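To keep things clear, I will list the structure first and then write my remarks on it.
The values are calculated or read from the model by the stated rules, or taken from the named source; none is laboratory data. All values reported here derive from a predicted model rather than from experimental measurement. Note: ideal-geometry Cβ built from the backbone for every residue, glycine included; neighbour counts use all protein chains shown. When the accessible area is computed, the model is the full protein with side chains, heavy atoms only, and any ligands, DNA or RNA have been set aside. Shrake-Rupley method; radii C 1.70, N 1.55, O 1.52, S 1.80 Å.
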Amino acid sequence: MPSRKFADGEVVMGRWPGSVLYYEVQVTSYDDVAHLYTVKYKDGTELALKESDIRSQSSFKHRKSQSSSSSPSRRSSSRSRSRSRSPGRPGKGRRRSASQSREHKDDKKKTIQETSLALAVLILFLGCENNTKRYNGEPESTEKNDKSCIILEQKLKPDLEIKRVLEQYSLRSRKEDKKTEEIFSEKKTFLAIKPIEKVPSKTKELEFGGRIGTFMMIFLLPATVLYLLLMCKQDDPSLLNFPPLPALESLWDWRVFGVFLLWFFLQAVFHLLPIGKVVEGLPLSSGKKLQYRINGLYAFILTAAVIGVLLYFQVELHYLHDHFMQFAVSAAAFSLALSIYLYVRSLKAPEEELAPGGNSGYFIYDFFIGHELNPRIGNFDLKYFCELRPGLIGWVVINLAMLLAEMKIHNLSMPSLSMILVNSFQLLYVVDGLWNEEAILTTMDITHDGFGFMLAFGDLVWVPFVYSLQAYYLVGHPTTVTWPVAAAITVLNCVGYYIFRSANSQKNNFRRNPADPKLANLKFIPTATGKGLLVTGWWGFVRHPNYLGDIIMALAWSLPCGFNHILPYFYVIYFICLLVHREARDEHHCKQKYGLAWERYCQRVPYRIFPYIY
């Protein structure tokens, strides 16, 4: 194993990715597996660099001439008289060996080449409005709303200008200058800053309370689901009225487990159908882009057709309500088995396929967070499939089953207005998610978190059985809502949905194509990564406007249940806690990623989620 050359805390010169410019950086850590140094720039940006991209500060000091016997004028006249003698040729009394001379010439040639290239690139960068200072996150007077710096070719100066400056400042011989002219005469002057290929290193900062916190959550999450469902079955679901624990044998039914498996694999079949477009996800640490088939809405339509056929043949869907607890236990058991499988297979996964947040080396933590980023069986992406299909579509089916159960239990000819509101609001949310399925490829769940117990349990158990809590509550605790109140709740939900959707659309469109003419009115703060931070529109109002819209909608979903008990408001309380925690995670990651640019963004947009409050 090669020994490391630079120590932690050492100040060196690091090459900026995609260019020949070097900046002063400090070594923070070294990955023995990937052989990469983690360095920190002055603006706080942290990148992983190879050893070949790092040089000591002493190598950038000016080299003195080996001959000091003659003045500059005499050396100049000497060069004009004879080109056979090199300006750096040593005196008679200081002859060097042949090997030393060759090493000196090679070193000098390398330095000359790098100096000349640096001048050339500097000229190109000066021709672009998004200059080197902006990529280093240094303050500037105004934000830019143009996209001209994404492709530097549009801002290059004419070849004659480059030639003139190179001739003026070059330290090369005329022979080398001739080669330089030939290179610049070719049409290969397109330069673009490429993201560095970074192999995931060990996770150092543990979230969710580290090993102890994640261990407790593995038991706490299933217990919370069980508690909520038991509370909903009680006549008095108050917090002080703790429900009796059911017999263990009553929680399991093999027939129910078989129905759940049938549902899971039916959605898998719909996902594998060759319908819908295929898109590429964001680049991985290796630079590779995975392909995803976008057909969630088609799967929803096919599922609706299957449900319609079942209702036509008078299959009683309220079977879901009667065995709701057993379905939740079956889903929890399946998610646990799936999590074990995911962790075992991740032990054989290549290093570059591991999740940045779930590679700590601690079994419990990596099992909970997810060790492998994108586990696939062939082209079947397990995490992407579970994010939107079995749980999200299952949520709508459960709501429908609760609506039918309410009609049967209370002998209603039509569902109550409260149940209609809950079903309609949540149906809109699910259809919106499936319609904008491609947007999920830019979320933290896909790009950062591995697929472990956290996402497996969340997608297959928490979403369908906790998010449908309002509908399940209304079956046993009917609530009357007047039409004016229903209209006010509907307006509130529409306001939340508008904020949620328009904010997400701005973000996703800007991420996909910042140069889109439709986004020309949006201003942004450039960052060292080449991306921009929006400071206009919803993202100039608060830092996470999509979270604000989400919370408003969550409140609208709970209001039809009335104010007799706090239980149906568990969702909105939990959701506020979830989004505040997620916002803290986002803040931490963005501060590390964007450095000074993120601090400028926070000064420009001081409120995180709730304007003038938080």
Quiz item: Would a scan of segment 375-385 turn up a residue that is touching a Lys or Arg at 6+ places or on another chain (Cβ under 6 Å) and among the aliphatic types (A, V, I, L, M)?
Solution: no
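When you check Tyr498 against the structure, is it out of contact with any Leu (no Cβ under 9 Å at 6 or more places or on another chain), in contact (Cβ under 8 Å) with a residue 40 or more places away in the chain and part of a helix (DSSP H, G or I), yes or no?
Answer is yes for this residue.
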Self-check item: Residue under evaluation His318, criteria (1) under 30 Å from Met231 (Cα atoms); (2) over 21 Å from the mean Cα position of the chain (by Cα); (3) at pLDDT 90 or above; (4) not small (Gly, Ala, Ser), criterion not met
Solution: (3)
Exercise. Return the only residue of Ala328, Ala337 being closer than 29 Å to Thr443 by Cα and in contact with a Phe, Trp or Tyr (Cβ under 7 Å, 6 or more places away or on another chain).
Key: Ala328
Quiz prompt | Residue under evaluation Ile301, criteria (1) at pLDDT below 95; (2) of a type outside the set (Gly, Ala, Ser); (3) surrounded by fewer than 16 Cβ atoms within 10 Å (Cβ to Cβ), criterion not met | solution = (1)
Quiz item: Restricting attention to segment 552-572, and to residues there that are touching a helix residue (DSSP H, G or I) at 6+ places or on another chain (Cβ under 6 Å) and β-branched (Val, Ile, Thr), which single residue is least open to solvent (accessible area, probe 1.4 Å)?
Solution: Val572
Quiz item: Across segment 520-531, which residue is farthest from Tyr594 (Cα to Cα) among those that are open to solvent by 20 Å² or more (accessible area, probe 1.4 Å) and either touching a helix residue (DSSP H, G or I) at 6+ places or on another chain (Cβ under 7 Å) or part of a strand (DSSP E or B) (or both)?
Solution: Phe524
Self-check item: Residue list for segment 210-260, restricted to those being of a type in the set (A, V, I, L, M), free of Cβ contacts under 8 Å to residues at least 24 places away in the same chain and open to solvent by less than 60 Å² (accessible area, probe 1.4 Å)
Solution: Ala223, Ala247
Quiz prompt | Complete set of residues in segment 471-480 that are among the β-branched types (Val, Ile, Thr) and open to solvent by less than 20 Å² (accessible area, probe 1.4 Å) | solution = Val475
Self-check item: Matching residues, segment 319-378, being under 30 Å from Leu245 (Cα atoms) and either of a type in the set (D, E, K, R) or part of a strand (DSSP E or B) (or both)
Solution: Asp322
Self-check item: Check on Ala268, touching a strand residue (DSSP E or B) at 6+ places or on another chain (Cβ under 8 Å) and part of a helix (DSSP H, G or I)
Solution: yes
Practice problem: With the checklist (1) open to solvent by 20 Å² or more (accessible area, probe 1.4 Å); (2) farther than 23 Å from Leu548 by Cβ; (3) among the polar types (S, T, N, Q) in hand, flag the one item Ser468 doesn't pass. | Solution: (1)
Exercise. Take His589 and decide whether it is of a type outside the set (D, E, K, R), open to solvent by 30 Å² or more (accessible area, probe 1.4 Å) and closer than 24 Å to Ser468 by Cα.
Key: no
Quiz prompt | Top-ranked residue of segment 272-289 - restricted to ones that are in contact with a strand residue (DSSP E or B) (Cβ under 7 Å, 6 or more places away or on another chain) and part of a loop (DSSP other than H, G, I, E, B), ranked as surrounded by the most Cβ atoms within 10 Å (Cβ to Cβ) | solution = Gly281
Quiz prompt | Identity of the residue in segment 438-463, assigned to a helix (DSSP H, G or I) and within 14 Å of Ala355 (Cα to Cα), that ends up most open to solvent (accessible area, probe 1.4 Å) | solution = Thr447
Quiz prompt | Sole residue being aliphatic (A, V, I, L, M) and closer than 30 Å to Leu282 by Cα, chosen from Ile409, Ile440, Ile489, Ile398 | solution = Ile440
Quiz item: For segment 374-385, how many residues meet the condition of being hydrophobic (A, V, I, L, M, F, W, C), touching a strand residue (DSSP E or B) at 6+ places or on another chain (Cβ under 9 Å) and open to solvent by 20 Å² or more (accessible area, probe 1.4 Å)?
Solution: 0
Self-check item: Residues that are over 19 Å from Ser58 (Cβ atoms) and either of a type in the set (Gly, Ala, Ser) or surrounded by fewer than 16 Cβ atoms within 10 Å (Cβ to Cβ) (or both), drawn from segment 21-41
Solution: Thr28, Ser29, Asp32, Val33, Ala34, His35
